[in-house]
Amino acid sequence: MDDVLIQEIQLLKKQRNAVILAHNYVQPEIQDLADFLGDSLELSRRAATLNADVVVFCGVRFMAETAKLLSPDSVVLLPNSSASCPMARMASSTMVSNYKKEHPEDVLVAYVNSTAATKAHVDVCCTSGNVEKVINSIPEDHEIMFLPDKNLGANMTRKLKRSMKLWNGCCPIHDAVTPEMIHRAREQYPEAEILIHPECRPEVVELCDAALSTGGMLRYAHESKSKEFVIATECGILHRLRKENPDKTFHPLHPELVCEDMKKITLEDVRDALLYNREEIRLSSEIMTMAREPIERMLAL
Ligand code: 13P
Ligand code: SF4
């Protein structure tokens, strides 16, 4: 059944001059199908240089919106319209534009996990792969409001010794990681390095060996001399880690670290997206113009 669907998708891709971009957390069969697989930063960079009529984005809505902002002439499709990031919904455009009116002097830094409508009101975006560079580019005498992820913000405050105001948002999956889980993993796998995503709480991050974006974890695991790793992020990345490092062992920190939204897109959805053009990401020209700026500022860094 999967083989038939994959053949149909390949044919439709050719007919429509389409490319499939996918995030490291999606279902294994979608990862295997993708033309390009990556973390948020790598996917944004790729979207900015595409020459395709159609981009099928397998991930969550804010990522597909970012692809549309950076590839405005392509039709960008999100094959399952309900795939959206709960953290991105924690900073609505109204809340952020009101904040900006009340604090016009603050520099608003938006983690890329935010809607395009919210990005339209901020100064610069960042991902977990470039957050340090973005924050360091802001002069010390400017007050920063970091949104929506209070954990990523708090981790950067500690690491960069830079005070920032933090929005009260978080990723429900990463925020659920506890110090006990790390202690248990250390006991169970004493030889393993523990890699964690910086969307986890600072008191948990400080117990681990490295805090990295998903792309950073892939590079780290590849380059490290260690043979065994515990992975403290969404479990979807294990597929790629194992596939690309067959001589190494990867344990999930906890099997329930699963983002349901990242798992929503199926092969049928991808086929139907290409067949019926759904769901096409459409953004108003005002949002296209305003939200592109902070993303371009980020990419320029
Ligand atoms: P990365 O940019 O590290 O891939 O993370 C995206 C994300 O949604 C993490 O939860
Ligand atoms: Fe959003 Fe967390 Fe899912 Fe990433 S893992 S898409 S931050 S809910």
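See the values below:
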{"read-out": "Residue within region 135-154 that is buried (at least 17 other Cβ atoms within 10 Å of the Cβ), farther than 21 Å from residue 86 by Cα and in contact with a Pro (Cβ under 9 Å, 6 or more places away or on another chain) present", "value": "no"}
{"read-out": "Residue that is farthest from residue 299 (Cα to Cα), among those in region 39-54 that are of a type in the set (A, V, I, L, M, F, W, C) and part of a loop (DSSP other than H, G, I, E, B)", "value": "52"}
{"read-out": "Which numbered condition residue 258 misses (of (1) surrounded by 21 or more Cβ atoms within 10 Å (Cβ to Cβ); (2) farther than 24 Å from residue 119 by Cβ; (3) within 12 Å of ligand 1 (Cβ to nearest atom))", "value": "(1)"}
{"read-out": "Close pairs from region 171-190: first closer than 22 Å to residue 214 by Cβ, partner among the hydroxyl-bearing types (Ser, Thr, Tyr) and more than 16 Å from ligand 1 (Cβ to nearest atom), Cβ under 9 Å, at least 6 apart", "value": "189/249"}
{"read-out": "Pairs where the first residue, in region 13-34, is over 25 Å from residue 216 (Cβ atoms) and away from ligand 2 (no atom under 15 Å from the Cβ) and the second is of a type in the set (A, V, I, L, M, F, W, C) and outside any strand (DSSP E or B), C-beta under 8 Å, 6+ apart", "value": "13/274; 16/274; 17/52; 18/12; 18/52; 18/274"}
{"read-out": "Subset of region 209-225 (residues that are open to solvent by less than 30 Å² (accessible area, probe 1.4 Å) and away from ligand 1 (no atom under 15 Å from the Cβ))", "value": "224"}
{"read-out": "Counted residues, region 38-70 - those being closer than 16 Å to residue 112 by Cβ, touching a Lys or Arg at 6+ places or on another chain (Cβ under 9 Å) and open to solvent by less than 20 Å² (accessible area, probe 1.4 Å)", "value": "9"}
{"read-out": "Subset of region 96-122 [surrounded by fewer than 21 Cβ atoms within 10 Å (Cβ to Cβ) and touching a helix residue (DSSP H, G or I) at 6+ places or on another chain (Cβ under 8 Å)]", "value": "106, 117"}
{"read-out": "Flag for residue 240 being within 16 Å of ligand 2 (Cβ to nearest atom), out of contact with any Pro (no Cβ under 8 Å at 6 or more places or on another chain) and open to solvent by 30 Å² or more (accessible area, probe 1.4 Å)", "value": "yes"}
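The values are calculated or read from the model by the stated rules, or taken from the named source; none is laboratory data. Since the structure is predicted, the reported quantities are computational estimates derived from the model, not experimental observations. Glycine gets a Cβ as well: all are built from the backbone with ideal geometry, and neighbour counts include every protein chain shown. For the accessible areas, the whole protein counts, side chains as well, though only heavy atoms, and no ligand, DNA or RNA atoms are used. Shrake-Rupley method; radii C 1.70, N 1.55, O 1.52, S 1.80 Å.
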